Amino acid sequence: MRLLTVLIFITLELFIPNTVVAAEIPLWDRLETVVVNSRDYENPFKDVELDAEFTSPSGKKVNFFGFYDGDGRGGQEGSVWKLRFMPNELGKWSYACRFSDGAPGTQGTFTCTRRGAKPGPLRTQGPWLRFADGTAYYPRSYYLSEVFSGQSPHWEQKIDLIFGDMYKYNMCCTTFWQGKLLTKNVWNNLPYNEFHPVLDGDYMRLDLASWKHVDEVLERLASRGTIWYNFDGFIPNVGSGMNGEQREDFEAQKVYIRNVVARLAPNWNVTWNIVFEWWEFLSVDQIQQLARKSHREKTLGVANS
């Protein structure tokens, strides 16, 4: 009888999602939970999707999605998916997530609190900008192009100097795709750290070591109350190693954008610039497609020349 009980317990454990209880998440801050999926995929960035439904304290349902993160520490191989979320309502939240191929997901609860609240993402109010909490935002922007592609400790020192107590800029405008280009042409001021958002020019495979560094940079900027604006956008036409056909492959772009939005949208200090010098290679209809794939909570921008 004891053996039978143990076997039944083990069988149930395999098919019932784990429940995660997070203590407290400040308003407009970021929840992050790990979901393990040990199934084998040829390309885990596109072969399976992690979909989640969050329920707010008032009962509102919010659908979002997770992303593949390799070993969870910047390594390309592993069984770690992550789910991030930025709560916009005080009180107790619940969520449940599942994989599109039926692999077990997880469920959990957390309490959104006023203590430690962030200002929230930017909003437009006529010609003005405000944070979600209503605070007026007057941008003092600095173009620190190599904050992602510069080696440590140089990028940290630049952030601390420019966005710290000395100069107090509060918007960091950067390049995102052009580290290789800057280095190749000896236009870089900082030694290059091999940062590049995707592997071998493939939109459907993110370079996870580079994206771990994105998290590090955004957290450091957030600690200084600084907004990030990606100057060369989601879909670049310079410095990316991608030809025109790749840039116009919207099905591949959707895979890339889904993974990027899942990673970045829950950061209060991120704004979207969806494309760089778009008129050279994308139509207005394509721009609108990209905008629809971006997150509803974010202020969108388009760079043009």
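Derivation of every value follows stated rules applied to the coordinates shown; laboratory data play no part. Since this is a predicted model, take the numbers as computed values, not measurements. Using ideal geometry, Cβ is built from the backbone for each residue, glycine included, and neighbour counts are taken over all protein chains shown.
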remark   = Expected vector for segment 128-134, Karplus 3J(HN,Hα) from phi with 6.51, -1.76, 1.60 and θ = phi - 60°, integer Hz, x for Gly and Pro, equals 9, 10, 9, 6, 4, 7, x
query = In whole Å, what is the distance between the alpha-carbon centres of segment 119-187 and segment 189-213?
reply = 19
request  = Report the calculated FRET efficiency for residue 187 and residue 251 (r = Cβ-Cβ distance, R0 = 35 Å), to the nearest 0.05.
outcome  = 0.60
ask   = What lysines sit close enough to residue 158 to cross-link, taking a C-alpha to C-alpha distance under 25 Å and skipping anything fewer than 8 places away on the same chain?
value = 118, 168, 180, 184, 212
task = Assuming a ≥ b ≥ c are the square roots of the Cα gyration tensor eigenvalues, decide whether segment 55-157 counts as rounded (a/c under 1.5), prolate (otherwise, with a/b larger than b/c) or oblate.
result = oblate
ask   = Which value, to two decimals, describes the C-alpha radius of gyration of segment 18-113 once divided by 2.2 N^0.38 Å?
value = 1.09
query = Once the dipole of segment 57-104 is set up with Lys and Arg at +1 and Asp and Glu at -1 on Cβ about the Cα centre, which of 87, 66, 76 lies farthest towards its positive end?
reply = 87
message = Can you order the peptides 41-51, 261-271 by their average number of other Cβ atoms within 10 Å per residue, highest first?
response = 261-271, 41-51
inquiry  = Tell me the net charge near residue 174. Cut-off is 13 Å between Cβ atoms, residue 174 excluded, with +1 for each Lys or Arg and -1 for each Asp or Glu.
reply    = 0
note = For 114-120, 135-141, ranked highest to lowest by mean beta-carbon neighbours within 10 Å, the order is 114-120, 135-141
message = Below 8 Å, C-alpha to C-alpha, sequence gap of six or more: please give me the relative contact order for segment 18-113 in percent.
response = 40
